[in-house]
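The values are calculated or read from the model by the stated rules, or taken from the named source; none is laboratory data. Since we're looking at a predicted model, the values are computed, not measured. Note that we place each Cβ from the backbone using ideal geometry, even for glycine, and neighbour counts take in every protein chain shown.
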Amino acid sequence: MTPTLAQITKELLKSYNRFPRKRLGQHFLVDPGVLKRIINAAQLTKDDLVIEIGSGLGVVTSELAKHVYHLIAIEVDNELLQISKDVLSSFSNITFVPKDILKVTLSELSLGRPYKVISNLPYYISAPIIEKILTAADKPELAVLMLQKEVAERMAASPGSKKYGSFSIFVQYYAEVALNSLVSKSSFHPWPEVGSAVVVLRPHKTPKYKVKDEKLFFDIVHAAFQQRRKKIRNPLAKFKLEDCGIDLNKRPEELSIADFAQLASGD
């Protein structure tokens, strides 16, 4: 009888006398159905170069590697890196990078080739990693990310929603966002305290919004949402936007990204 992902994961942890580290947000995916969803969402082919953030125990990595030309596994935890190297020793199409993803230049890893990103992101550091992916010099074709459900919903939120805010605008400014599916706590070992979701990001190949000054644009967005219950006239007074063509009596969650772009451009 073929062992399940859960059985393989627990046996590996036991044999290496290893315990998941809470401070690193380590929750290992053990649901084959969710893994299949991730593979399908990434539309993997034998021509693909994939950068996986966090190889973990190598169990998920092995399934990804079967579908692609080459996989680059980034793992900051030295013990997990050694385990995944042992587990994946039979694969010739995997390169291991023993570094912190926040200290890695993605374009240097991909060597100018188109690439995709796949990751079960640690919840405590998901926002900085997403920022790194979306602001990279050479952005991925797409990124399939496992995230805390609340963060995923914020990323995909539309104007008028309570979850819509500056993070929604940041992500959607750089990429098309699709909430692929929700994932239950029982899909992991150990169970996380919150539910998760799979999100697909497709970075825009060319800028979607006309913005003259990106820093000013994001300064205006952040200032507006710091007082999200107030009309934007008050928090944005210092920017002198009276002739911007946008109703300054609206609240920030009522404005689209295009509206904020117009505020920043003064058109």
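The table that follows gives values for the structure above.
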{"item": "Hits in region 212-227 (condition: part of a loop (DSSP other than H, G, I, E, B) and under 16 Å from Ile169 (Cβ atoms))", "result": "Asp213, Gln227"}
{"item": "Test set (1) at pLDDT below 95; (2) surrounded by fewer than 19 Cβ atoms within 10 Å (Cβ to Cβ) - Phe260 fails condition number", "result": "(2)"}
{"item": "Among residues of region 37-68, those that are of a type in the set (Lys, Arg) and without any contact (Cβ under 8 Å) to a residue 40 or more places away in the chain, counted", "result": "2"}
{"item": "All positions within region 228-267 that are more than 18 Å from Tyr173 (Cβ to Cβ) and among the acidic types (Asp, Glu)", "result": "Glu242, Asp243, Asp247"}
{"item": "Selection from region 228-245 of residues that are in a loop (DSSP other than H, G, I, E, B) and either among the polar types (S, T, N, Q) or over 21 Å from Phe167 (Cβ atoms) (or both)", "result": "Lys231, Arg233, Asn234, Lys240, Leu241, Glu242, Asp243, Cys244, Gly245"}
{"item": "Residue identified as of a type in the set (Ser, Thr, Tyr) and over 17 Å from the mean Cα position of the chain (by Cα) among Ser168, Ser184, Ser196", "result": "Ser184"}
{"item": "Candidates Leu88, Leu35, Leu44, Leu109, filtered to the one that is modelled with pLDDT of 95 or more, surrounded by 13 or more Cβ atoms within 10 Å (Cβ to Cβ) and under 23 Å from Lys139 (Cα atoms)", "result": "Leu44"}
{"item": "Single match in Gly33, Gly56 (criterion: assigned to a helix (DSSP H, G or I), within 24 Å of the chain's Cα centre (by Cα) and within 24 Å of Tyr123 (Cβ to Cβ))", "result": "Gly33"}
{"item": "Yes/no for Arg251 being without any contact (Cβ under 8 Å) to a residue 24 or more places away in the chain, surrounded by 15 or more Cβ atoms within 10 Å (Cβ to Cβ) and not β-branched (Val, Ile, Thr)", "result": "yes"}
{"item": "Some residue of region 204-220 being under 30 Å from Lys36 (Cα atoms), crowded, with 18+ Cβ neighbours inside 10 Å and in contact with a strand residue (DSSP E or B) (Cβ under 7 Å, 6 or more places away or on another chain)", "result": "no"}
{"item": "When residues of region 64-111 are limited to those that are under 19 Å from the mean Cα position of the chain (by Cα) and of a type in the set (S, T, N, Q), the one nearest to Lys36 (Cα to Cα)", "result": "Ser110"}
{"item": "In region 145-162, the residues that are in contact with a Leu (Cβ under 8 Å, 6 or more places away or on another chain) and either buried (at least 24 other Cβ atoms within 10 Å of the Cβ) or charged (D, E, K, R) (or both)", "result": "Leu145, Met146, Leu147, Lys149, Ala152, Glu153, Met155"}
{"item": "All positions within region 6-29 that are under 23 Å from the mean Cα position of the chain (by Cα), of a type outside the set (S, T, N, Q) and closer than 22 Å to Phe96 by Cα", "result": "Pro20, Arg21, Leu24, Gly25, His27, Phe28, Leu29"}
{"item": "Which numbered condition Arg202 fails, given (1) farther than 22 Å from His27 by Cα; (2) modelled with pLDDT of 95 or more; (3) not acidic (Asp, Glu); (4) not in a strand (DSSP E or B)", "result": "(4)"}
